[in-house]
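Worksheet: the structure to be examined is printed underneath.
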Amino acid sequence: MSSDINAGTKSDGRLPLTGVRVVDMTVVWSGTFATMLLADLGAEVIRVESTQFAPYGTRGVVVRPSPALLQTRGLMTTGYPDRQAGERPWNRIALFNVHARNKLSMTVGYMQPKGLDLVKRLVAKSDMFIENNAFGTVERLGLGYEDLKKVKSDIIMVSMPGFGSSGPYRDRVALGRHLECTAGHTLLRGYRDADPTWTTEVYHCDASAGATAAFAALVALHYRNRTGKGQFIDVAQVETIIPQLGEFIMDYTMNGRVQQTLGNRHTTAAPCGVYPCRGEDRWVAVTVFTDEEWQGMCRAMGNPSWTAAERFSSCSGRWDNQDEIDVLIAEWTKEREDFDVMRLLQAEGVVAGPVMDERDCYGDPHLQEREFFEQVNHAECGTHLYPGMSWKLSGTPCHIRKPPCRLGEDNEYVYKSVLGVSDQEYAELEKEGHIGMDYDPSITVYGRAKASPGTTHEPIQNGG
Amino acid sequence: MNQQALSDVKVLDLTWYIAGPYCTKLLADYGADVIKIERPGLGDPCRRMGPFPQDQPDREKSGLFLHLNTNKRGITLNLKRETGKAIFMRLLQDVDIVVESFSPRVMHSVGLDFPALHAANEKLVMLRISNFGQNGPYRDRKLSELVLSAMGTSMKTCGQPDREPLKLAGNLLQYQAGLVTAIAGMAALVCCRATGVGQQVDVSLMETCLGSIDRRAPSLLGHQYTGDISTRIGSGRGGTMAGCPEGVYPCQDGYFDVVGGAAWWPRNFAMLGSPAKLSDPGYGTMEGQMDPRRQEDILTALYTWAMAHTKQQVWEASGRARAAAAPLYSIEEVVSDPHFKERGTFVEIDHAEAGLLRYPGASFRPTETPWRVNRPAPLLGEHNQEVYGKLGYTEEDLAGLSKADVI
């Protein structure tokens with residue numbers, strides 16, 4: 001494992017995006033993932049938050065969970081350290097803290113004219129502005145591209161509404177799930193023998209949209225560094241998953257074929273499935289692409305007599321008889337541990353791996369040798385291992401160099417050092433409620449404080 | 001015509017299959033000059049992967065290959081031959097980025113690892129995509145999309161509690177790994193242009209999954225915080241938005257998905273036509289939506305309403321009510337949808353062998369520096385003459401190199 005990041009020796013050098021400042025008004029997961037990736041690469045990402053408004057599903061499914069909710073066992077809904085909400089639950093929830101490392105948090109009442117002006121002052125000193133609210137939200141606040149350009153002519157603005165900034169569905173409300181539905185993905189996954197009402201939710205579109213927005217921001221940054229020109233980038237979250245379904249689309253446009261779900265199976269490889277192993281809810285995944293691999297699998301299983309059948313000797317024969325073959329393989333796997341099956345099969349050159357749960361990942365020798373998990377000490381959560389970087393850069397190694405940002409944690413730095421606010425002005429802003437580390441007591445679930453002045457704000461934002 | 005954002009960026013692309021080619025496609029689609037290097041005679045194995053027109057395999061007509069390789073030029077080169085290596089080193093001179101996705105031993109074994117390339121071009125960014133990364137006990141293991149799902153994602157939460165865990169459709173994880181690599185590549189390039197220093201980027205497919213916001217990374221941290229292990233809870237009981245209605249329901253001609261919970265109730269209620277039977281505020285609370293009797297009332301109203309509506313009508317009603325509900329589209333419906341038509345989400349591309357076909361288009365739209373199709377995917381070795389000609393090779397030289405299995 002890597003050493004405690006708070007020892008602070010890792011980030012001494014320059015990082016790839018050192019010197020790039022990002023104004024971050026993202027919510028939930030897709031936008032927050034985009035800014036996480038940029039922060040991981042060294043950008044100074046400043047989350048612009050408000051003590052008077054808690055965005056839906058961002059710093060917790062609810063910002064002040066009730067004891068009853070804490071009784072439920074969802075890792076997403078109640079993933080608090082030791083299931084204790086603590087004094088400031090919004091600083092302790094895993095679904096926020098997982099992406100908030102390396103970011104800064106400031107609070108400002110951006111729904112009031114004074115707060116809006118402060119946000120614009122920050123934009124004037126920044127390189128990028130990224131947001132994933134419902135279409136039109138930031139424009140209504142006075143933070144549209146036209147507004148931002150006036151204070152920073154070469155600003156790069158990335159907006160990522162679910163369906164984009166144009167077209168008939170522009171104003172549709174959508175969570176990531178609905179983008180998967182309308183991109184065709186939901187119908188393409190699921191059990192082959194069950195109807196779609198058995199489908200469980202997945203969140204791939206949050207990942208594709210977040211990563212696409214980060215890539216888009218860097219493409220625009222490269223162009224700006226070269227030409228001095230900023231620009232607006234429209235990321236329709238739904239359009240980020242469509243290219244990732246390319247083969248299905250090409251089959252339709254080439255052959256008019258509308259593919260159905262294959263479950264865990266493959267268009268040509270067989271067998272290809274997830275088989276039960278010894279223990280509770282233990283499984284191993286196996287894919288056999290070639291005859292050589294199949295022979296390897298037979299050897300690993302001890303060449304049982306059934307494998308000699310003529311119909312299993314060719315790839316197409318195995319593909320045609322998968323139902324039968326799957327039952328026979330399961331007979332062999334269910335007597336064994338999942339990791340043992342993986343070792344036996346990999347030793348014979350067969351692609352196999354266990355279905356790994358969280359504990360398996362933290363205990364995995366490969367991930368340990370790669371130092372994937374990084375230890376972080378968070379002031380309100382204690383010390384834990386966090387999932388680390390998605391890349392290893394030889395010249396400018398990236399790590400978790402700052403624990404997940406607590407609400408308003410970096411106010412002093414942002415106001416005084418970035419915006420140049422005087423001590424006296426800072427005290428005033430604190431008195432006026434711009435600066436703080438607590439959500440207004442009237443906010444229990446999410447949304448606006450009861451007494452908060454200002455413009456109307458979309459109560460439910462695009463998720464993603 | 002506007003210039004493209006990456007029109008000053010040169011890329012040598014040694015990748016094959018899906019993740020690497022998707023990474024370089026993203027660079028090429030936004031203007032980079034990407035030269036795809038394939039093995040003489042064989043090419044990228046992706047050329048042998050379907051779909052094919054009329055299901056007839058043809059190395060110039062793989063739908064997957066055509067999609068993943070737009071805007072690239074293509075040459076053949078055998079890196080196992082000394083002459084091939086020498087030519088590669090000449091091509092490397094004015095290149096910004098090299099991308100490879102071989103198994104980790106390969107580049108070293110042919111003498112083209114990062115130290116060798118960096119010595120020839122110190123401003124080089126080398127992107128290396130592999131199954132499990134460039135070191136560690138799993139380094140040399142093979143991988144499939146299914147096994148990647150098992151080891152890298154929250155597969156255990158997907159599917160029904162009494163059945164096997166399920167993967168996502170197709171090859172989404174490999175595409176996503178290519179996208180994540182492109183981000184690191186752009187950051188390293190920005191850094192290199194500022195400092196003049198190149199570097200190597202090691203991307204493991206498994207780690208791009210583990211670090212992903214698609215629920216894997218949140219559940220990994222959730223486990224650290226609580227000690228809990230996530231598992232399958234089945235349909236209709238959403239992990240994050242629990243309530244009623246929740247999940248996928250049938251309607252007249254298909255299915256739609258709706259998110260429940262107290263927050264969405266006023267909108268879901270309006271979408272269902274504000275049925276009098278559900279006007280009691282008790283239906284709108286989280287507690288109410290967890291009460292089996294109230295659930296039955298809600299679902300009765302929902303099924304009655306849904307069976308009187310088509311998918312399209314559900315979609316319109318959800319739009320009017322601003323509810324979080326959407327139809328489950330088939331790929332056919334996606335391709336013909338008016339929203340995607342108006343936005344130009346799909347584009348027509350003409351290819352010398354495969355002809356005129358509709359492809360997925362831009363994944364994001366920079367207003368000043370547009371996504372564009374400048375050329376279709378290359379034929380195997382299509383740009384040999386153009387690229388090697390620039391290095392001074394004559395047609396005669398190329399014929400000789402071809403005979404010697406170098407190109």
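Convex hull volume of the Cα atoms in region B:247-328, per residue, in Å³?
It comes to 74 Å³ per residue, whole-number rounded.
Please compute the average number of Cβ atoms from other chains found within 10 Å of each residue's Cβ in peptide B:118-125.
1
Given Cβ point charges of +1 (Lys, Arg) and -1 (Asp, Glu) and nothing else, what value in debye, to the nearest 20, does the dipole of region B:247-328 about its Cα centre take?
200
With +1 on each Lys and Arg Cβ and -1 on each Asp and Glu Cβ, how big is the dipole of chain B about its Cα centre, in debye rounded to the nearest 20?
Dipole size: approximately 480 debye.
Which of the aspartates and glutamates could be linked to B:Lys341 by a straight reach, that is with a Cα gap under 13 Å, when you skip same-chain ones fewer than 8 residues away?
Correct list for B:Lys341: A:Glu239, B:Glu332, B:Glu333.
Anything losing 50 Å² or more of accessible area from the isolated chain to the full protein assembly: pick those residues out of region B:324-343, probe 1.4 Å, ligands and DNA/RNA ignored.
With the partner chains in place, region B:324-343 has these residues losing at least 50 Å²: B:Leu328, B:Tyr329, B:Ile331, B:Glu332, B:His339, B:Phe340, B:Arg343.
Show log10 I(q)/I(0) for chain B at q = 0.08 Å⁻¹, two decimals, from a solvent-free Debye sum over equal Cα scatterers.
Cα-only, vacuum Debye calculation for chain B: -0.56.
Counting each DSSP H run of 4 or more residues in chain B as -39500 (n - 2.57), what helix-only mean residue ellipticity at 222 nm follows after dividing by all residues, to the nearest 500 deg cm²/dmol?
About -10500 deg cm²/dmol.
When chain B is modelled as a GNM with alpha-carbon springs shorter than 10 Å, which of B:Cys23, B:Cys191, B:Cys209 fluctuates the most?
With Cα springs under 10 Å in chain B, the top fluctuation among B:Cys23, B:Cys191, B:Cys209 is at B:Cys191.
Once the Cα gyration tensor of region B:189-319 is found, what semi-axes does its equivalent ellipsoid get, as square roots of 5 times the eigenvalues, in whole Å, sorted largest first?
42, 20, 14
Select from B:Leu210, B:Leu356, B:Leu112 the residue whose mean-square fluctuation is largest in a Gaussian network model of chain B (Cα-Cα springs shorter than 10 Å).
Result: B:Leu356 has the largest fluctuation of those listed.
Pairing the Cα long axis of helix B:216-226 with the longest principal axis of chain B, what angle in degrees results, from 0 to 90 and rounded to the nearest 10?
The helix B:216-226 is inclined about 60 degrees to chain B.
What does a probe at A:Glu87 reach in region A:430-447, counting residues whose amide N is under 17 Å from the point 7 Å along Cα→Cβ?
A:436-441
Work out which GluC sites (Glu not before Pro) in chain A are exposed loop sites (DSSP not H, G, I, E or B, at most 13 other Cβ within 10 Å) and give the longest gap free of them.
The answer is A:88-279.
Using only the Cα atoms of region A:283-354, what do you get for the radius of gyration and for Dmax, in Å?
Over region A:283-354's Cα set, Rg and Dmax evaluate to 11.2, 30 Å.
With an 8 Å Cα cut-off and a minimum separation of 6 or more residues, compute the relative contact order for chain A in percent.
Reported as a whole number, the value is 26 percent.
Could you state how much accessible area A:His399 has, in square angstrom rounded to the nearest 10, with a 1.4 Å probe and all protein chains kept in place?
50
Just to confirm the filter: which trypsin sites (Lys or Arg not before Pro) across region B:1-102 are DSSP coil and have at most 15 other Cβ within 10 angstrom of their Cβ?
Within region B:1-102, the qualifying trypsin sites (Lys or Arg not before Pro) (loop, at most 15 other Cβ atoms within 10 Å) are B:Lys80.
What does the convex hull of the Cα atoms come to per residue for region B:55-213, in Å³?
Cα convex hull per residue, to the nearest whole number: 154 Å³.
What do you get for Rg/Rh over region B:1-102 if you use C-alpha atoms and the Kirkwood form of Rh?
1.00
On the principal axes of its Cα set, how long, how wide and how thick is the protein assembly as shown? Give whole Å, largest value first.
Over the protein assembly as shown, Cα extents along the principal axes are 81, 62, 52 Å.
Can you grab the distance from the C-alpha centre of region B:278-293 to the C-alpha centre of region B:67-100, Å, no decimals?
63
Do any trypsin sites (Lys or Arg not before Pro) in region A:16-117 lie in a loop, going by DSSP, with at most 15 other beta-carbon atoms within 10 Å of their beta carbon, and if so which?
A:Arg73
Report, in whole Å, the centroid distance computed from the Cα atoms of region B:146-197 and region A:161-184.
Cα centroid to Cα centroid, the span is 22 Å.
Taking each residue of A:357-366 in turn, how many C-beta atoms of other protein chains fall within 10 Å of its C-beta, and what is the average?
Mean shielding by partner chains, rounded to a whole number: 6.
At what distance in angstrom do the alpha carbon centres of region A:54-69 and region A:283-309 lie from each other?
Centre-to-centre distance over Cα atoms comes out at 49 Å.
If you consider only alpha-carbon coordinates, what radius of gyration and Dmax does region B:68-128 have, in Å?
Considering region B:68-128 through its Cα atoms, Rg and Dmax are 11.7, 31 Å.
Counting only other chains, what is the mean number of Cβ atoms within 10 angstrom of the Cβ of each residue in peptide B:47-53?
What the average comes to for B:47-53 is 5.
Interface A/B, total buried accessible area with a 1.4 Å probe, nearest 100 Å²?
So the total buried area for this chain pair works out to about 14000 Å².
Mind jotting down the three principal axis lengths of region A:322-460 based on Cα atoms? Whole angstrom, largest first.
Answer, in whole Å and largest first: 74, 40, 24 Å.
Compare B:Thr153, B:Thr345, B:Thr195 in a GNM of chain B, Cα atoms joined below 10 Å, and give the one with the largest fluctuation.
Fluctuation is largest for B:Thr195.
Convert each backbone phi in region A:78-92 into a coupling constant with the Karplus relation 6.51 cos²θ - 1.76 cosθ + 1.60 (shift: θ = phi - 60°), then list the ³J(HN,Hα) values in order as whole Hz, x for Gly and Pro.
For region A:78-92, the Karplus-derived couplings read 10, x, 9, x, 6, 6, 9, 5, x, 5, 10, x, 5, 9, 10 Hz, x marking Gly and Pro.
Please report, as a whole percent, how much of the solvent-accessible surface of region B:143-221 comes from carbon and sulfur atoms (probe radius 1.4 Å).
With neighbouring chains kept in place, the figure for region B:143-221 is 48 percent.
Of B:Ser7, B:Ser144, which has the most accessible area with a 1.4 Å probe, and how do the rest follow in descending order?
From most accessible down to least: B:Ser7, B:Ser144.
Just to be sure I understand the interface: list residues from region A:389-403 that lose 30 Å² or more of accessible area between the chain on its own and the complete protein assembly, 1.4 Å probe.
Buried-area filter returns A:Ser390, A:Trp391, A:Lys392, A:Leu393, A:Ser394.
Please identify which residues in region B:371-397 have an amide N closer than 16 Å to a label point set 7 Å out from the Cα of B:Asp94, following the Cα→Cβ vector.
Within reach of a label on B:Asp94, which here means backbone N under 16 Å from a point 7 Å along Cα→Cβ, region B:371-397 contributes B:386-393.
Over region B:123-242, give the accessible area per residue in Å² for a 1.4 Å probe, as an integer.
22
Hey, could you get me the Stokes-Einstein D for chain A, Kirkwood radius over alpha-carbon pairs, 20 °C and 1.002 mPa s, rounded to whole µm² s⁻¹?
D, rounded to a whole number, is 87 µm²/s.
Pop out the carbon and sulfur fraction of the accessible area of region A:283-354 as a percent, whole number, probe 1.4 Å.
Roughly 50 percent, rounded to a whole number.
Give me the base-10 log of I(q)/I(0) for region A:195-244 at each q in 0.25, 0.28 Å⁻¹, Debye formula, one uniform scatterer per Cα, rounded to two decimals.
Debye curve over Cα of region A:195-244, log10 I(q)/I(0) at q = 0.25, 0.28 Å⁻¹: -0.92, -1.00.
The values are calculated or read from the model by the stated rules, or taken from the named source; none is laboratory data. Everything quoted here is computed from the prediction, not taken from an experiment. Note that each Cβ is placed from the backbone with ideal geometry, even for glycine, and that neighbours are counted across all protein chains shown. Note: areas computed on protein heavy atoms with side chains; ligands, DNA, RNA excluded. Shrake-Rupley method; radii C 1.70, N 1.55, O 1.52, S 1.80 Å.
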